[in-house]
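Working notes, beginning with the structure itself.
The values are calculated or read from the model by the stated rules, or taken from the named source; none is laboratory data. Everything numeric in this text was worked out from a predicted model, so none of it was measured. Note that each Cβ is placed from the backbone with ideal geometry, even for glycine, and that neighbours are counted across all protein chains shown.
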Amino acid sequence: MSSESSDESDGPTKTICPYCGVGCGIQIAQDDEGEVTFRPWGDAPVNEGSICIKGGAATQSVNHEDRLTEPLIRDDDGELREASWDEAYDLIVDEMERIHDEHSAQGMGFYGCSKAMNEENYLIQKLARRYGTNSVDTCTRMCHSSTVYALRNSLGAGAMTNSMEDLEEAADVFWIQGANPGEQHPIANSQYFRQAVLEGATVIQVDPHANKTTRSFDIDETDRHMHLQLEPGTDIPLLNVVIKTILENDWLDEEFIAERTQGVDDLKETLEDFDKEAAAEECGVPLEDIELAAEKYAMANNAAIFTGMGMSQHTCGVDNVQNEINLALITGNLGRPGTGVNPLRGQNNVQGASDVGAMPNVLPGYRQVDDPEIRADVEEVWDFEIPSEPGLTNVEMSHEIGDTIHGLYIMGENPVMSEPDTNQVEKRLEELDFMVVQDIYETETAEYADVILPATSWAERDGTVVNTDRRTQRMRGVDKVHPNTKHDLDILCDVGQRLFDDGSFDFEGPEEVFEELRQVAPIFHGMTYDRLGEEGIHWPCLEPGDEGDPYLYADGFTTESGYGQIEGVRHQPPKETPDEEYPLILTTGRIIEHYNTGTMSRRSETLNRVEPENFVDVHPNDAETYGVEDGDYVTLKSRRGEIEVQARVTEDIKEGTVWTTPHFADSAGNRLTNDVLDERAKIPEYKAAAAEIEVTVEADADSTDAPADD
Ligand SMILES: Nc1nc2c(c(=O)[nH]1)N[C@H]1C(S)=C(S)[C@@H](COP(=O)(O)OP(=O)(O)OC[C@H]3O[C@@H](n4cnc5c(=O)[nH]c(N)nc54)[C@H](O)[C@@H]3O)O[C@H]1N2
Ligand SMILES: Nc1nc2c(c(=O)[nH]1)N[C@H]1C(S)=C(S)[C@@H](COP(=O)(O)OP(=O)(O)OC[C@H]3O[C@@H](n4cnc5c(=O)[nH]c(N)nc54)[C@H](O)[C@@H]3O)O[C@H]1N2
Ligand code: SF4
Ligand SMILES: [Mo]
């Protein structure tokens with residue numbers, strides 16, 4: 001078994017950027033020393049040669065000296081030592097068998113990786129299920145799980161309803177709520193949305209923070225850009241003002257509502273006594289601005305909603321997105337080019353990792369694991385019994401350490417940095433019996449691992465990934481940079497073969513895995529590696545002749561009823577709101593030079609040069625109240641922990657709110673965040689907690705450098 005990379009021609013190799021879900025095509029080349037370099041790919045399907053700062057710098061982290069090069073095992077004295085692959089595999093098999101014997105299969109949990117290929121995520125979910133548990137999940141849980149829940153429930157599929165291309169061509173209004181594509185999906189923003197605005201489209205942005213998205217639409221003083229700077233966690237009241245304004249003015253698409261939806265009466269009833277003025281005040285946005293935005297959206301021929309972490313990462317995340325769906329359904333903005341409710345997906349393959357079943361409740365292709373008929377169907381291909389009970393999500397696995405969960409197999413996730421309430425995550429990981437971390441670097445999470453397996457990076461292997469608009473594309477790799485690393489796919493096959501020895505992990509390489517995926521996941525059934533070629537294909541691609549759908553629901557919704565579901569929702573404040581002790585609202589996010597927990601971006605010279613340390617944005621009025629000057633170092637505190645960061649005094653942030661990032665290990669934003677979950681989607685409330693700030697080192701003190709480490 002092997003999945004050697006296939007640099008077929010002598011020229012550079014065409015692949016896909018490893019960072020965000022836009023899925024830009026890039027090329028890579030390798031010199032005699034093994035160093036990998038970036039080359040543009042001029043006619044790449046998504047980006048036609050454009051790339052953002054991260055894409056251009058992507059190979060820097062591949063060549064970095066911190067790469068893991070050998071398997072590591074933690075000895076009894078707690079120190080890591082180099083080991084052979086056989087030794088590492090033997091330990092993994094022994095420990096996984098012991099946990100199975102002592103605690104049943106439910107004692108293990110598996111984390112997939114949204115930076116790894118479809119084939120690899122397919123294999124890790126198969127490994128979990130062959131072991132006997134559905135407890136397998138990926139970062140989609142911390143990201144768009146609430147969006148996916150609402151979209152699947154009310155429209156049918158948990159993905160973007162439209163594609164970037166048709167949005168650029170057809171949309172007149174872009175409604176961007178809780179998303180910052182100017183920084184997080186830069187090429188989608190510059191190539192598609194900004195282009196549409198230059199040609200006359202209008203943008204309405206709903207965000208407590210002004211950012212590069214805001215600035216990218218300030219084009220020639222056009223009045224076609226509104227920024228509604230709301231208080232974090234008040235998205236439901238804001239959208240209820242919008243919806244009530246549309247109801248009052250009869251700007252509804254009655255025909256669409258009658259023919260294609262259910263539940264409009266429930267929405268009307270919910271908003272009957274709704275007080276628009278009080279709600280606008282709660283949001284901190286003038287009522288007339290929200291009303292004007294409502295009019296612009298309702299009057300558009302085609303209006304498209306974009307939704308991001310500002311909506312999904314709340315305990316009311318599902319309801320936040322449901323309200324966006326309500327808005328689109330009552331105005332008939334679905335099922336046509338240039339419309340829809342569109343989550344811009346996060347990591348380069350977070351969409352694919354979910355599509356191939358690395359989730360605790362669904363098998364590949366979003367087929368319910370608790371449905372006996374579906375299980376029987378898949379069992380015919382897999383030839384083993386699939387556990388029937390849905391498993392735990394990743395944050396639930398983390399919570400269950402010491403109770404249900406005794407071992408974790410983590411392929412490419414960094415929960416010490418990415419899960420909420422880091423201090424508690426660290427305590428729990430200490431209690432774990434056994435943990436495997438399979439990564440390209442020794443991450444903060446790997447400090448708690450018993451075995452660390454060195455994986456090859458994105459640049460060194462082949463496979464497929466799915467971008468934000470469901471385009472499935474091939475990645476192609478150059479040769480391994482470090483000879484004793486292994487592809488994730490090969491590692492999972494090795495572990496699976498050693499654990500079960502029944503042929504269920506006997507694959508020649510990624511294409512053979514993809515062929516099995518096609519058999520069990522109808523949305524991929526019509527695709528082959530050959531057909532994907534260089535252009536890729538959007539799923540659903542049910543039969544070999546299908547071209548894939550650039551937008552969904554032209555003829556009907558794929559919910560159980562066949563109708564789009566409208567459902568009125570009411571304001572639910574964040575679980576923690578400001579009080580005397582913690583008077584500010586803390587929200588967290590990212591900027592263009594940062595990437596998630598920083599394992600790759602902190603190792604990129606280009607990215608690290610621009611934004612090398614964490615910061616907190618503070619409004620000038622709050623700065624005055626708390627005696628903070630621009631550039632001061634402050635202690636940012638919540639009920640769970642504190643970090644020291646540099647303050648930036650700026651009107652970019654809504655008064656009363658402070659804004660920081662989860663990107664740096666020495667001042668990790670997640671030491672502060674609140675570990676409470678949306679009940680249905682289990683996503684943490686990363687976007688609202690109560691906080692306070694206190695100056696520790698003044699900017700005009702002797703040194704303006706960061707305080708010394710102690
Ligand atoms: N450069 C870069 N690009 C990335 C990533 C990265 O780390 N760096 N990560 C990738 C991943 S995994 C993801 S999921 C995506 C995320 O991409 P986005 O969805 O854009 O994520 P964020 O920047 O976390 O949050 C979006 C916006 O929500 C706002 N916000 C905060 N609280 C609220 C609120 O209560 N209501 C509203 N309406 N808005 C609020 C924030 O100010 C922020 O501007 O980006 C992907 N792309
Ligand atoms: N406070 C706060 N916290 C957040 C968020 C927020 O907005 N605010 N956002 C949340 C969101 S949206 C997300 S998606 C999560 C992200 O959470 P994580 O997924 O935990 O974060 P990443 O930094 O993307 O970690 C990816 C890991 O994969 C490794 N890796 C990269 N390539 C490969 C590969 O090819 N193979 C293997 N085996 N490993 C590889 C990287 O080194 C890294 O350790 O964070 C969440 N946490
Ligand atoms: S927009 Fe996303 S996919 Fe494209 S180059 Fe930038 S990080 Fe990579
Ligand atoms: Mo994400």
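Hey, can you tell me all the residues within the range 304-358 that are within 16 Å of ligand 3 (Cβ to nearest atom), within 24 Å of D172 (Cα to Cα) and touching a Pro at 6+ places or on another chain (Cβ under 8 Å)? Once the filter is applied, which keeps residues that are within 16 Å of ligand 3 (Cβ to nearest atom), within 24 Å of D172 (Cα to Cα) and touching a Pro at 6+ places or on another chain (Cβ under 8 Å), the range 304-358 yields F306, G308, L344.
Within the set F514, F507, the sole residue that is surrounded by 21 or more Cβ atoms within 10 Å (Cβ to Cβ), among the aromatic types (F, W, Y) and part of a loop (DSSP other than H, G, I, E, B) turns out to be F507. Kindly establish whether L392 is in contact (Cβ under 8 Å) with a residue 12 or more places away in the chain, touching a Phe, Trp or Tyr at 6+ places or on another chain (Cβ under 9 Å), at negative phi and not hydroxyl-bearing (S, T, Y). So L392 does not fit the description; no. In this structure, D7 qualifies as touching a strand residue (DSSP E or B) at 6+ places or on another chain (Cβ under 6 Å) and modelled with pLDDT under 95. For T133, the test of being modelled with pLDDT of 95 or more, within 27 Å of V362 (Cα to Cα) and away from ligand 4 (no atom under 16 Å from the Cβ) is passed.
Residues that are of a type in the set (G, A, S) and surrounded by fewer than 19 Cβ atoms within 10 Å (Cβ to Cβ) within the range 468-503 comprise just one, G503.
One line per residue, one yes/no per condition, for (1) among the charged types (D, E, K, R); (2) within 30 Å of the chain's Cα centre (by Cα); (3) at positive phi:
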residue	(1), (2), (3)
C17	no, yes, no
I26	no, yes, no
D31	yes, no, no
A57	no, yes, no
E65	yes, yes, no
L68	no, yes, no
L91	no, no, no
R98	yes, no, no
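Selection of the range 302-335 for residues being farther than 25 Å from G182 by Cβ and assigned to a loop (DSSP other than H, G, I, E, B) yields T315, C316, T331, G332, L334, G335. Of the residues making up the range 33-54, those that are free of Cβ contacts under 8 Å to residues at least 12 places away in the same chain and either part of a strand (DSSP E or B) or at negative phi (or both) number 3. You will find that of G338, G357, the residue that is in a loop (DSSP other than H, G, I, E, B), more than 16 Å from ligand 1 (Cβ to nearest atom), outside the structural domain of A179 (by TED's automatic domain parsing) and at positive phi is G357 and no other.
When residues in the range 175-195 are screened for being surrounded by fewer than 24 Cβ atoms within 10 Å (Cβ to Cβ) and of a type in the set (S, T, N, Q), 3 of them pass. For the criterion of being in the same structural domain as Q473 (by TED's automatic domain parsing) and either modelled with pLDDT under 95 or within 16 Å of ligand 4 (Cβ to nearest atom) (or both), A157 fails.
Applying the condition of being buried (at least 22 other Cβ atoms within 10 Å of the Cβ) and aromatic (F, W, Y) to the range 545-582 and asking which residue is nearest to ligand 3 (Cβ to nearest atom) yields Y551.
Check the range 591-601 and report whether any residue there is assigned to a helix (DSSP H, G or I) and either under 28 Å from N180 (Cβ atoms) or in the same structural domain as I683 (by TED's automatic domain parsing) (or both). Yes.
Note on the range 368-415: residues that are over 27 Å from the mean Cα position of the chain (by Cα) and either at pLDDT below 95 or in the same structural domain as P684 (by TED's automatic domain parsing) (or both) amount to 1. A search for C-beta distances below 7 Å between a residue of the range 367-388 that is part of a loop (DSSP other than H, G, I, E, B) and any residue that is among the basic types (K, R) and surrounded by 13 or more Cβ atoms within 10 Å (Cβ to Cβ), counting only pairs 6+ apart in sequence or on different chains, returns V369/R375; F384/R130; I386/R129; I386/R375; P387/R129; S388/R375. What do you reckon, is V395 within 16 Å of ligand 4 (Cβ to nearest atom), in a helix (DSSP H, G or I) and within 20 Å of E560 (Cβ to Cβ)? Taking the combined requirement at face value, the residue does not satisfy it. Figure legend. Inter-residue proximity from the range 577-601: first residues touching a residue at least 60 places away in the same chain (Cβ under 8 Å), second residues within 16 Å of ligand 3 (Cβ to nearest atom) and in a strand (DSSP E or B), beta-carbon distance below 8 Å, spacing 6+ or different chains. Indicated pairs: N596/Q347. The residue list V616, V645, V658, V634 contains one member that is without any contact (Cβ under 8 Å) to a residue 40 or more places away in the chain and assigned to a strand (DSSP E or B), which is V645. From the list E426, E447, E442, the lone residue that is away from ligand 3 (no atom under 16 Å from the Cβ), part of a loop (DSSP other than H, G, I, E, B) and not polar (S, T, N, Q) is E442. Note on the range 18-29: residues that are more than 16 Å from ligand 2 (Cβ to nearest atom) and surrounded by 23 or more Cβ atoms within 10 Å (Cβ to Cβ) amount to 2.
Residues in the range 15-32 that are closer than 22 Å to K480 by Cα and assigned to a loop (DSSP other than H, G, I, E, B): C17, P18, Y19, D31, D32.
Within the range 162-188, the set of residues being closer than 23 Å to M299 by Cα and either within 16 Å of ligand 4 (Cβ to nearest atom) or at pLDDT 95 or above (or both) comprises D172, V173, F174, W175, I176, Q177, G178, A179. Taken over the range 115-145, the criterion of being more than 11 Å from ligand 2 (Cβ to nearest atom), in a helix (DSSP H, G or I) and not basic (K, R) is satisfied by N118, E119, Y122, L123, Q125, L127, A128, Y131. Filtering the range 650-696 down to residues that are more than 16 Å from ligand 1 (Cβ to nearest atom) and surrounded by fewer than 19 Cβ atoms within 10 Å (Cβ to Cβ), which residue is nearest to S146 (Cα to Cα)? That would be R680.
From the list I440, I401, I452, I410, exactly one residue is touching a residue at least 24 places away in the same chain (Cβ under 8 Å) and touching a Phe, Trp or Tyr at 6+ places or on another chain (Cβ under 7 Å). Which is it? The unique qualifying residue is I410.
Of all residues in the range 583-607 being surrounded by fewer than 19 Cβ atoms within 10 Å (Cβ to Cβ) and more than 13 Å from ligand 1 (Cβ to nearest atom), which is nearest to the chain's Cα centre (by Cα)? Of everything passing the filter in the range 583-607, E605 is nearest to the chain's Cα centre (by Cα).
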